[in-house]
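Working notes for the structure below.
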Amino acid sequence: MRLILAWIFLVITALFDVEGKKTVRIESFEKGASTVHSWFELNDPVMGGLSTGTFTVRPEDGIGVLDGEVRDVPKLAAPGFIAMGTRGGFYPDISSCDAFRLKVRSTTSYTGYRVSFGVAPPPNNAESYSRGYKGLFDVFVVNGDFSDIFIPFHEFSNYWDLETGDAIVSCSQNEIYCPDKSTLENIHRFEIMAQGVLGEVHLEVKSIEALNCDDDVNDDVPENMKQEDNWENDSSPGYVVGQGISHGATNNNNNAIILGNGDISIE
């Protein structure tokens, strides 16, 4: 069984990795890598939700960990969400790339994982409160190993249901909902979410990359935008642990509001 899975992995990798093209780092928690962004955890209390979660970094293992449980939002009688997210900072121009690759591992059988990036609303005000592009991905629990998850850009859409996170109209159904060039030139924000499916979540993330980019893409992080890898200190600019930032809600530590363009205001 293990040999079959290894063969399948090699075939999938060959399909997505194009020879002569560049792989561009979005983020890495791996040992020896300088973290690019400040990360925090978000969840759903603004919708009256009961989901709980934390995001932590385990420097000894070189991973970031999203942990928690997605529960029903009582007013909606539907599952809410938890997420690990980042806003601002340095993002390389990935407009010449064609897919994301996540190196992840899950210890649960959760099936509602999504990536969300950018702040562009759908054209024609199709869903007035949605911002950014979302795409689904699955993580199979296989012998405790990390997996490479490939998500082509054409599997994302910015016309998605606010309650479930599912695409209402996909990019493949109508190209006006595909990631646009201006977003890919600077995606502004990136989230890995557990949304729309009830269950316990434990997702370990090693790295996030864009694939098959032009060779001249510059992914060197400017010195003034590099994060310090002081993972032992909760005040480190490299991460935020368990803040429980909520969409439009207030928690015990911060008044954290997600603005209409997808940015976060913390007071």
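Give the residues of segment 28-46 that are buried (at least 22 other Cβ atoms within 10 Å of the Cβ), under 13 Å from the mean Cα position of the chain (by Cα) and not hydrophobic (A, V, I, L, M, F, W, C), sorted by residue number.
Hits for segment 28-46 are His37, Glu41.
Considering only residues that are outside any loop (DSSP other than H, G, I, E, B) and modelled with pLDDT of 95 or more, look in segment 86-105 and name the one that is farthest from Asp145 (Cα to Cα).
Ala99
Taking the residues in segment 148-164 that are outside any strand (DSSP E or B) and either β-branched (Val, Ile, Thr) or modelled with pLDDT of 95 or more (or both) as candidates, determine which candidate is nearest to Gln195 (Cα to Cα).
Result: Thr164.
For segment 165-204, how many residues are touching a strand residue (DSSP E or B) at 6+ places or on another chain (Cβ under 6 Å) and assigned to a helix (DSSP H, G or I)?
Qualifying residue count, segment 165-204: 1.
Which residue out of Thr54, Thr23 is over 16 Å from Val201 (Cβ atoms), at pLDDT 70 or above and open to solvent by 50 Å² or more (accessible area, probe 1.4 Å)?
Being over 16 Å from Val201 (Cβ atoms), at pLDDT 70 or above and open to solvent by 50 Å² or more (accessible area, probe 1.4 Å) holds for just one of Thr54, Thr23, which is Thr23.
When you go through (1) closer than 21 Å to Ile187 by Cα; (2) touching a residue at least 40 places away in the same chain (Cβ under 8 Å); (3) of a type in the set (Ser, Thr, Tyr); (4) assigned to a loop (DSSP other than H, G, I, E, B) one by one for Thr111, which number turns out not to apply?
(1)
Can you run down the residue pairs with Cβ atoms below 7 Å, 6 or more apart or on separate chains, where the first is in segment 74-91 and touching a residue at least 24 places away in the same chain (Cβ under 8 Å) and open to solvent by 30 Å² or more (accessible area, probe 1.4 Å) and the partner is acidic (Asp, Glu) and assigned to a loop (DSSP other than H, G, I, E, B)?
Partner pairs satisfying both residue conditions: Leu76/Glu163; Arg87/Asp263.
Take Phe150 and decide whether it is open to solvent by less than 70 Å² (accessible area, probe 1.4 Å) and free of Cβ contacts under 8 Å to residues at least 40 places away in the same chain.
no
For segment 110-120, state whether one or more residues are among the basic types (Lys, Arg) and open to solvent by 30 Å² or more (accessible area, probe 1.4 Å).
The answer is no, given that none of the residues of segment 110-120 is among the basic types (Lys, Arg) and open to solvent by 30 Å² or more (accessible area, probe 1.4 Å).
The values are calculated or read from the model by the stated rules, or taken from the named source; none is laboratory data. Just so we're clear, the structure is a prediction, and the values are computed from it rather than from any experiment. Methodologically, a virtual Cβ is constructed for each residue, glycine included, from the backbone with ideal geometry; neighbour enumeration extends over all protein chains shown. Please note that ligands, DNA and RNA were not included when accessible areas were found on the heavy atoms of the full protein model with its side chains. Shrake-Rupley method; radii C 1.70, N 1.55, O 1.52, S 1.80 Å.
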